[in-house]
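Here's the structure, in C-alpha cells; my notes come after.
Readers should treat all values here as calculations from the given coordinates under stated rules, not as data from a laboratory. None of the values given here were measured: they were computed from a predicted structure. Neighbour counts run over all protein chains shown; Cβ positions are idealised from the backbone, glycine included.
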Amino acid sequence: MPDMSIPPVTPQDFGAEILRHLKHSLGKDESHAALYDWRMSLSLALRDRVVDPWFESTRKTYEARGKRVYYLSMEFLIGRLIEDVAINLGMEEVAQAALAELGQDYAKIVADEPDAALGNGGLGRLAACFMDSLSTLGIPAYGYGIRYEHGLFEQHFENGAQMETAETWLAQRHAWEFERPEVSYPIHFGGHVDEAEGSPVWHPEETVMASAYDTPVIGWQGRWANTLRLWSAKPITAFDLASFNRGDYMAASAPEALARTISRVLYPDDTTKTGKELRLKQEYFFTSASIQDLLRRFLSEGGDLAELADHVAIQLNDTHPAIAGPELVRLLMDEHGLDVARAISTARRCLAYTNHTLLPEALERWPEELFQSILPRHHRIIQLIEAAHLADSGSAVRIIEHGEVKMGELAFVMAHKVNGVSALHSDLVKETVFADLNRDYPGRIINQTNGITPRRWLYSCNPPLRALINETIGTAWPDDLQQLEGLSAHAGDAAFLDRFQAAKDANKARLADWLKARDGVVLDPAAMFDVQIKRIHEYKRQLMNLLETIALWNEIRENPNGDWTPRVKIFGGKAAPGYVVAKEIIHLINDTAKLINADPATRDLLQIVYPENYNVSMAEILIPAADLSEQISTAGKEASGTGNMKFALNGAPTIGTLDGANVEIRECVGAENFFLFGLTAAEVTARRAEPNYARRAVEASPRLARVLKQIESGVFSPSDKGRYSGLIQGLLDHDYFLVTCDFDSYFEAQRRVDTVFADQAAWTRMAALNTARVGWFSSDRTITGYARDIWTASSLIASRSSRKDVA
Ligand code: B1N
C-alpha cells in the first residue's frame, strides 16, 4: 500500500527538484556540475521528501503523550544513505530515471557518497539497524551519539602491513543533517565539589558546549521518521580576544582547539582496551548532553518528574554511556531537588543496559583517581548509588573496588533490565560476569537476540534476489521478513533453484567487476567465494582460516589431479592500530596470498584475496556474492555476530562454531544446512584447564604441525624469515582461543563443504533454504522484543495487519 505521506512524483518532476538544488543550493549550472554537485543535489532533493513524514511523526508523538525511546550509543555505523533513503521512500526507480534524463549515472553518484563510518563494527552497525527498525515500526525514538569529525580510520596495506590514515567524511558537507545551533548544552569537567552547605555544589574547571546535528531516519515506505541527534563539541568562547590582542595567536584559539578535541575522532577499538582520559570525556560529553536534552523536552511538555519513566525509556548500548545513571541522578537531585532515593529509583525505571561482550579486556573500568578528577560530583553520586544498592539488595557486589570504577556493575545496578544479545550470550552473562548480581536481582537479565535490517541487507544490496523473491512470494516481506518462509515450498523446484543460483552468479560477477576495477584483481566466478569479513581479532580466528588455507594448498600441490573444489578465500577487516597480534595476522594473510596466488600449480584452484579498507559499503557488495560464510570464533567469545545473519539471509550457508547467534541460526536453517565444527563453550573451558593443550593438539595433527613449521621457518616471508616466529610460538605456548584444538575439526568441515558444493543442485537448495528460514533475524523482530520486554513502548502507526485490512 503506498503511504499517504509521500506524494508520488514523476521522474520529470523529481529531475526538476534536483536541478533546483543544483542551481540554488550548489550554485552550479548543468554544464559546470561535478559529480559532487549532482550527488549533493540528489541527496538534498531526497531529503526534502523526508521532511514532511518527519514533521508528521513529531506531531503525532507530541499528541500521543506516550513514551519516547532514547538509544544512547557511542557508535552509529550508518554507511551511505542515498540508496537507503530512496528505497525507503519507494523512489529508487524514479531517482534512476530522473538522473538518466539529466544524462547522469545514478550508480556512479551513489558510489561517490562517503561511507559514514561512525562506528567500529557490529555494535555500531547494530545501532544503525535499530534506528531503521524503530522508524519502520513507528516507535517514537531518538538515537543519541557523537558527530565525530573523523570516523573509523582508512586502512591501507604497505608491503602487506596495515597502515592507518585519518578518515575525512566531513571534509565535504554532509547532505543529510540539519545543524541545530539553538540546541546546545554546557558540559562540565573537573574542578571540585563544595559540600559545606549541605547541598553539594560542583565547581567545574572546564566547560564545553554540546551542539546538536539532526539527521532524519526514514522508515520503510516513508511511513515514519525518527531523529538521529549527534553532538559536536564547541568552545564556550570561540576565541580568546585578550590573548589575540597580546599577539599570542596560539593561545587565542586554545579554547576552540581544546573543546573540539572531544568530538574529533572515533576511538578505533572494537572489544579491545582503551582506558584513555579523552574517551571518558567523550562518554560523559554525549551522555550528559543527551540526558539534559531529554529532560528539557520532558519538562517543556509540562511533565511531572514523578512520571518520568512513563514517558522516557533510555537504552544504554553497552557501558559506554553508563554514566547516564549518575548523570540523571545528579540532575534530579542537584537541579530538581529530588532526594537520593527518589532520584535513584526514578532513574532506574528509565534506564536499561545492553551487554555486548564478555571479553575481560573490553569491560570498562576507570581508575578511581582519574574518574574522580574528571567527574568529582559523579564519583560522589556513584558512592551513594553503591550504598543504596548494597543496603537495599543485600548484595556484596561493589561498584567501586580496588581503586577502579566498574562501569558494567554501575550500568547493571542502575538498570531495570539488562540484556544479552543472543541466547547463548545471555546465559553466559548470567553465569559469568554478572553471576552474583543475577542472584541479587533475579529476573533482571533477559535476552534479546540481535537482528539486521532487511531493507539494507537484502532489498537494497541484492537486487537480483529481491526481484526473484518478489516474483515468488509477493512484495510484503521487507517489513515482515518471516514471509520468506514461503520460499521453502520452492526448494524442490528446479526452475526456482536455477533462478536463485542465477541471482548469486550475478552478484559474484558484480563483485568480480568491482574488484577488477578497484584493485586490478581477477576472480574466477566459477570458484567458491569463501568469505570472512569482520574486525581482526584473535577470538574471531582469521588465523585458523589461514592455516586451513595453507593446509589445503599443501594438499593440492601433493595431489594436483585430485577432485578439488576451486576456492577464493576472501578476507576483509581492520585491526585496532595498537593490537600487535591482529596486525601480524593481517601481515601473514597478505604474505601468504602473495606466495600462493603466484603458484602456477594451484593458481586455478586456490586464491587468497584481501581487499583493503573493509567497510559497510564493501560488505554490501561482498555479502550477496558469498557462497560460504565463515563464523568460526572460539565458542563463548562472540556475543552474537550480525554478519552471520546477513550472509544466511543472502543465501550463503555458514561454516561455524556453536557461538553467539550461530546457535540460533543453525536451529532456524536446520542442522543439515549448516556446517558445524569445533568445541562447545563448555568444552572450551574444560580444555583450557588441561596442561599443554596446544602443543598436544599440534602433535596430534601432522597436517597442522607442517603448516606451523612452514610459517615459522619463513616460507611465506622469505625476505624476513623470522617475521612470524613470535606469532607461532605464542600459539604453541598459550593458544588462548584454541586455534590448534579446533583446527582438525575445521579442516574436516571444510571438506564436507567441498563435497556439497560440488553438487550444484544440492548446494543451491541449501543456500535457498538459508534465505527462506532466517526471517526471524530481522531487527524489526529484535526491536519489537525490546519495546515489549524492556521499554513498554508502542508503535504510533497502524500495525501491519491492520494496514492490510485497509488495503
Ligand atoms: O557487538 C555486536 C555483536 O554482534 C558482536 O558479537 C560483539 O562483539 C559486538 C568496545 C565493543 N561487543 N563489544 C563491542 C565495540 C566497541 C568498543 O569500544 C566494545 N562490540 C561488540 C552487536 O551486539
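Evaluated at q = 0.20, 0.31 Å⁻¹, a Debye calculation over the C-alpha positions of the range 313-359 (equal weights, vacuum) places log10 I(q)/I(0) at -0.63, -1.08. The mean of 1/r over all distinct Cα pairs in the range 374-416, once inverted, gives the Kirkwood hydrodynamic radius of 10.6 Å.
Sort Tyr249, Tyr610 so that the residue with the fewest other Cβ atoms within 10 Å of its own Cβ comes first and the one with the most comes last.
Values: Tyr249 10, Tyr610 21.
So the ranking, lowest neighbour count to highest, is Tyr249, Tyr610.
A convex hull fitted around the alpha carbon atoms of the range 683-780 yields 181 Å³ per residue. Dipole check for the range 200-347: with +1 at the C-beta of Lys and Arg, -1 at the C-beta of Asp and Glu, and the Cα centre as origin, the magnitude is about 420 Debye.
Shown here for the range 93-194: trypsin sites (Lys or Arg not before Pro) in loop regions (DSSP other than H, G, I, E, B) with at most 11 other Cβ atoms within 10 Å, of which there are none.
Does the range 184-263 come out rounded, prolate or oblate by the C-alpha gyration tensor, with a ≥ b ≥ c the root eigenvalues, rounded set by a/c under 1.5 and, if not, prolate when a/b is larger than b/c and oblate if not? Provide the component values of the computation, followed by the final result.
On the way: a/c = 4.42, a/b = 1.44, b/c = 3.07.
Judged from the Cα gyration tensor, the range 184-263 comes out oblate (a/c at least 1.5, b/c at or above a/b).
Relative to one another, the C-alpha centroids of the range 148-179 and the range 453-496 are positioned 34 Å apart. Computed from the alpha carbon positions, the gyration tensor of the range 6-111 leads to an equivalent ellipsoid with semi-axes of 29, 16, 13 Å, biggest first. Quick check on the range 755-794: take the gyration tensor over C-alpha atoms, sort the square-rooted eigenvalues as a ≥ b ≥ c, and tell me if it's rounded (a/c under 1.5), prolate or oblate. Prolate is the answer for the range 755-794, as a/c is 1.5 or above and a/b outweighs b/c.
If only the Cβ of Lys and Arg carry +1 and only the Cβ of Asp and Glu carry -1, the dipole of the chain around its Cα centre is close to 500 debye.
Can you pull the semi-axes for the range 233-288, root of five times each eigenvalue of the Cα gyration tensor, sorted largest first, whole Å? Before the final figure, lay out each step's value.
On the way: eigenvalues 176, 26, 11 Å².
Equivalent ellipsoid semi-axes, largest first: 30, 11, 7 Å.
Which percent, nearest 5, of DSSP beta bridges in the range 328-432 are antiparallel? Counting only bridges with both partners in the range 328-432, antiparallel ones make up about 60 percent. Considering all different alpha carbon pairs of the chain, the Kirkwood hydrodynamic radius works out to 28.0 Å.
Using the empirical formula 2.2 N^0.38 Å as the baseline, the Cα radius of gyration of the range 538-680 reaches a ratio of 1.08.
Name the shape class, rounded, prolate or oblate, that the alpha-carbon gyration tensor gives for the range 35-93, where a ≥ b ≥ c are the square roots of its eigenvalues, rounded holds for a/c under 1.5, and otherwise prolate holds if a/b is larger than b/c and oblate otherwise. Oblate, because a/c is 1.5 or more while a/b does not exceed b/c.
Can you give the calculated 222 nm mean residue ellipticity of the chain, where each DSSP H run of n ≥ 4 adds -39,500 (n - 2.57) and the sum is split over every residue, rounded to the nearest 500 deg cm²/dmol?
Working: 33 runs with 375 residues, N = 807.
Here the helix-only value at 222 nm equals -14000 deg cm²/dmol.
Across all Cα pairs in the range 285-436, the calculated P(r) in 10 Å bins from zero up to the longest distance comes to 11, 42, 35, 11, 1 percent per bin.
I'd like to compare 326-334, 413-421: which one has the highest average count of other Cβ atoms within 10 Å, and what's the full order after that?
413-421, 326-334
Within the range 544-626, the trypsin sites (Lys or Arg not before Pro) that combine a DSSP coil assignment with at most 13 other C-beta atoms in a 10 angstrom radius are Arg603. Which of the pairs Lys504/Lys534; Lys417/Lys637; Lys276/Lys574; Lys583/Lys709; Lys108/Lys574; Lys430/Lys574 have their Cα atoms more than 28 Å apart in this structure? Exceeds cut-off: Lys430/Lys574.
Which order, highest average first, do 499-506, 401-408, 698-705 follow once you tally other Cβ atoms within 10 Å for each residue and take the mean per peptide? Intermediate values should be presented prior to the final figure.
Numbers: 499-506: 19.8, 401-408: 18.2, 698-705: 16.1.
Highest mean packing first, the order is 499-506, 401-408, 698-705.
Each principal axis of the Cα cloud of the range 162-228 was evaluated for its coordinate range; sorted largest first, these ranges are 57, 42, 24 Å. Report the one residue of Leu305, Ile262, Trp224 whose Cα lies farthest in the direction of the positive end of the charge dipole of the range 204-305 (charges on C-beta: Lys and Arg +1, Asp and Glu -1; origin at the Cα centre). Final value for the positive-end residue is Trp224.
Counting Cα-Cα pairs of the range 466-532 in 5 Å increments starting at 0 gives whole-percent bin shares of 4, 14, 20, 17, 15, 14, 10, 6, 0. For the pair Asp392 and Leu170, a Förster radius of 41 Å applied to the C-beta separation gives a FRET efficiency near 0.35, rounded to the nearest 0.05.
Secondary structure note: in the chain, about 45% of the DSSP beta bridges are antiparallel. Between Ser725 and Arg20, the contour length at 0.36 nm per residue exceeds the alpha carbon distance by 247.6 nm.
In plain terms, the C-alpha convex hull of the range 532-575 casts an average shadow of 3.3 nm² when viewed from every direction. When each of the peptides 659-669, 189-199 is scored by the mean number of other C-beta atoms lying within 10 Å of its residues, the order from highest to lowest reads 659-669, 189-199.
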